[in-house]
Amino acid sequence: DAKTTQPTSMDCAEGRAANLPCNHSTISGNEYVYWYRQIHSQGPQYIIHGLKNNETNEMASLIITEDRKSSTLILPHATLRDTAVYYCIVRVAGGNQGGKLIFGQGTELSVKP
Amino acid sequence: GAVVSQHPSWVICKSGTSVKIECRSLDFQATTMFWYRQFPKQSLMLMATSNEGSKATYEQGVEKDKFLINHASLTLSTLTVTSAHPEDSSFYICSARDLTGELFFGEGSRLTVL
């Protein structure tokens with residue numbers, strides 16, 4: 001079973017920041033938080049991942065709470081092309097022991113003009 | 001970035017026939033690949049873990065004789081849906097794990113069984 005819970009859907013205005021929350025209260029010490037998104041009829045696209053520090057890349061920022069029980073993915077300036085289902089997944093990472101990805105239901109983000 | 005290619009991207013077949021879907025890691029070696037199935041409006045469901053040179057590990061409820069997985073090389077895994085029926089119509093997606101443990105997804109293969 002997925003170890004994360006996310007809101008089923010969210011709306012965001014184009015150009016505004018999209019903040020997608022995720023709860024992972026049972027996360028283990030060696031599990032990372034991963035975010036993927038899936039645009040309709042395509043394979044999942046990697047966005048970002050982190051262990052305990054906040055992370056930022058060209059796509060998004062990831063804010064992880066100090067107790068690691070929840071996180072927020074931030075798309076700073078959402079565009080219509082960011083409309084997708086966003087999945088938050090916890091996973092053991094690294095080397096040959098990198099764990100499989102178990103997908104929950106995700107959050108369907110709709111970016112509106 | 002690393003690329004994973006699936007072929008075919010879509011296929012239509014008659015009920016009772018078998019269909020093979022290929023998953024290739026184009027620029028890295030993948031000792032492990034994962035196969036997922038996704039029905040409309042649903043999330044991805046992990047079917048099996050494919051390990052190069054050994055038998056695949058199937059998730060609970062997935063019939064290994066129905067979904068044959070072969071991982072004969074470090075860059076290729078195949079999923080064969082045997083004796084396909086309309087209820088097998090789905091979007092099949094693979095992912096490949098590189099030597100650092102990171103995962104990369106293919107674009108998916110849409111199977112329609114008539």
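The values are calculated or read from the model by the stated rules, or taken from the named source; none is laboratory data. All values derive from a computational prediction rather than experimental measurement. Here Cβ is always computed from backbone atoms with ideal geometry, including for glycine, and neighbour counts include all displayed protein chains. Only protein heavy atoms, including side chains, enter the accessible area calculation; ligands, DNA and RNA are left aside. Shrake-Rupley method; radii C 1.70, N 1.55, O 1.52, S 1.80 Å.
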Counting only residues in segment A:97-113 that are more than 14 Å from chain B (Cβ to nearest Cβ) and in a strand (DSSP E or B), the one most open to solvent (accessible area, probe 1.4 Å) is identified as A:112
Just wondering, is there one or more residues in segment A:46-54 that are within 23 Å of residue B:33 (Cα to Cα), polar (S, T, N, Q) and either within 12 Å of another protein chain (Cβ to nearest Cβ) or surrounded by fewer than 13 Cβ atoms within 10 Å (Cβ to Cβ) (or both)? no
Given (1) open to solvent by less than 30 Å² (accessible area, probe 1.4 Å); (2) more than 21 Å from residue B:11 (Cα to Cα); (3) more than 10 Å from every other protein chain (Cβ to nearest Cβ); (4) hydroxyl-bearing (Ser, Thr, Tyr), where does residue B:49 come up short, assuming only one miss? (3)
Looking across segment A:3-25 at residues that are among the hydroxyl-bearing types (Ser, Thr, Tyr) and either in contact with a helix residue (DSSP H, G or I) (Cβ under 8 Å, 6 or more places away or on another chain) or not in a strand (DSSP E or B) (or both), the single one that is least open to solvent (accessible area, probe 1.4 Å) is A:4
Residue, nearest to residue A:35 (Cα to Cα), within segment B:63-114, restricted to residues that are away from chain A (no Cβ under 14 Å) and in contact with a helix residue (DSSP H, G or I) (Cβ under 6 Å, 6 or more places away or on another chain): B:81
Residue A:41 being open to solvent by less than 60 Å² (accessible area, probe 1.4 Å), small (Gly, Ala, Ser) and more than 13 Å from every other protein chain (Cβ to nearest Cβ): no
Qualifying positions in segment B:83-105 - closer than 17 Å to residue A:48 by Cβ and either open to solvent by 30 Å² or more (accessible area, probe 1.4 Å) or among the aliphatic types (A, V, I, L, M) (or both): B:100, B:102, B:103, B:104
I'd like to know if segment A:32-54 contains one or more residues that are touching a residue at least 40 places away in the same chain (Cβ under 8 Å) and among the polar types (S, T, N, Q). yes
